[in-house]
Amino acid sequence: MNVKQFINYDLLILFKIQSSKKDCHQKMKSTNALISAHNISVIKNEKVILDNIEIEIKKNDFLTIIGPNGAGKTMLLKCLMEFYKPNSGQIIKKTNLKIGYMPQSINIINTMPMSVQNFITVRKKFDDISYRQVVSETKIKKIINKQLSVLSGGEMQRVLLARSLLNNPELLILDEPAQNLDISGQIYFYNLLQSIYLKRGLSILMVSHDLHLVMASTKKVLCLSNHICCIGKPQQITKDPEFISMFGKDMANIMAVYQHSNEIKKVQHNNTITGE
Amino acid sequence: MVFGFLFLWLQQSKALSSDTLLGVLAHVALALGIIVISFNKIKIDLHAILFGDILTVSSNDIWGMYIGVFFAIILILFNWSSLLLVTVDEDLAKAEGINPLYMNLLLTSVLTIVVALSLQIIGLLLITAMLIIPAATARRLVNSPGIMVVISTLIGIFSVIIGIYISVETDIPSGPSIVVVSAVLFFLSHFFGKFLKKE
């Protein structure tokens, strides 16, 4: 074996490595996910909380996570936002991904003197136009000078939503956003959320128990019980045996009814559009 | 300082409420301190530590205070919005890339500096009063956290000046005199705060 051959061989290997790197890079780019989790597992106090979770959120996705209490829904959100480091697996984010996070509630002390305006703008970089847009979108103009401690539940949720929207996020993460509201408050909030989703074209990842209310707006449903039970469009999910075994037949039937009425609405909607 | 960090560490575990922890740690610290003093053969004026004596402050102390207060103000000013957000809600702060533990550590350190500095002037027992009363007084009068800090500082300064003046005039101990003045302001603000809100 002469030197020339040796060098050629070396170059060949080098070339192969580079090309495989390129392949890998292209693969990652081609998925164009905003954020994705691969083989995420979390074990806490010898209990498996998340088992090999695989999840991906693309542009303009609307994914709702459902599941019983203790299913690891909030933990999954925490892993995605890197509050919590999973025991294994990795999270891949688009570079400079802007995430807006809306918690279920905040435990602010009642004696804290703070107005709504002060709260939504603290430690945020924003311009005047996006501020005004957010205020009108979330309908908080009337309460902008009120103190946080006197807000009602529905007002507080809208203020939290406004804060999460202020830096024009590409991905909005919501953790049971309508948990503390009464039924009309929930409907109002989800309608508001959907109009923002349609208007802004952002991606939404939400944990919610009110599946019957978000049925119309959500694109995909992920059913989580420490592992991924099923994932798919809301219509498919309700027919999935794992979903039925988890929530019972009655729940699945209720969903089916809701879908039915939603589909009718959609048809009517389409008709009016074509009519115009 | 050690107790400050011990408090933080125990608070993180969240097994007890912070009020309970504060009660336990403050009294343990005080008891340990008195025991240590009793072992020392050098005579330390316990009365001065507990109640303070503004007349024993030397010009070196004053320079030390300038430096300490300077650092305290700088630290707070540069981290003001982060501190505020952590106070409002820790999860929200985490979502925006703040480490709440770091912020709490910072606040505890600043508090320790302030307590160590004012120990000599108003004494151990009255420091807590001076930390809380001006802020509580200001709370009645303001609607924003930033203004609250400014107003409570002004109230603090005002009560120190009036308190010392009264103590000189009537020959009563300076520390308690300062606290009583600030307490009077507190009740006044409470009364007038209600009065203002009615209107």
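The values are calculated or read from the model by the stated rules, or taken from the named source; none is laboratory data. Keep in mind that this is a model prediction, so the values were computed, not measured. Every residue, glycine as well, gets a Cβ built from its backbone with ideal geometry; the counts of neighbours run over all protein chains shown.
Assorted remarks:
- Scanning segment A:208-229 for residues that are among the charged types (D, E, K, R) and assigned to a loop (DSSP other than H, G, I, E, B) turns up A:ASP210, A:LYS219.
- Residue match in segment B:65-79 (condition: surrounded by 13 or more Cβ atoms within 10 Å (Cβ to Cβ) and within 14 Å of chain A (Cβ to nearest Cβ)): yes
- From the options B:ILE155, B:ILE121, B:ILE127, B:ILE166, residue that is more than 14 Å from chain A (Cβ to nearest Cβ), surrounded by fewer than 18 Cβ atoms within 10 Å (Cβ to Cβ) and among the hydrophobic types (A, V, I, L, M, F, W, C): B:ILE166
Condition check ((1) modelled with pLDDT under 85; (2) surrounded by fewer than 20 Cβ atoms within 10 Å (Cβ to Cβ); (3) in the same structural domain as B:ASP61 (by TED's automatic domain parsing)) across all residues:
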site	(1), (2), (3)
B:VAL86	no, no, yes
B:TYR102	no, yes, yes
B:LEU117	yes, yes, yes
B:LEU131	no, yes, no
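- All positions within segment A:209-221 that are touching a strand residue (DSSP E or B) at 6+ places or on another chain (Cβ under 6 Å) and surrounded by fewer than 22 Cβ atoms within 10 Å (Cβ to Cβ): A:LEU211, A:LYS219, A:LYS220
- Contact map, segment A:184-212: first residue at pLDDT 90 or above, second residue assigned to a helix (DSSP H, G or I) and hydroxyl-bearing (Ser, Thr, Tyr), Cβ cut-off under 7 Å, separation 6 or more or different chains; pairs are A:ILE204/A:TYR197; A:VAL207/A:THR74.
- Scanning segment A:192-207 for residues that are part of a helix (DSSP H, G or I) and out of contact with any Leu (no Cβ under 9 Å at 6 or more places or on another chain) returns A:GLN194, A:SER195, A:LEU198, A:LYS199.
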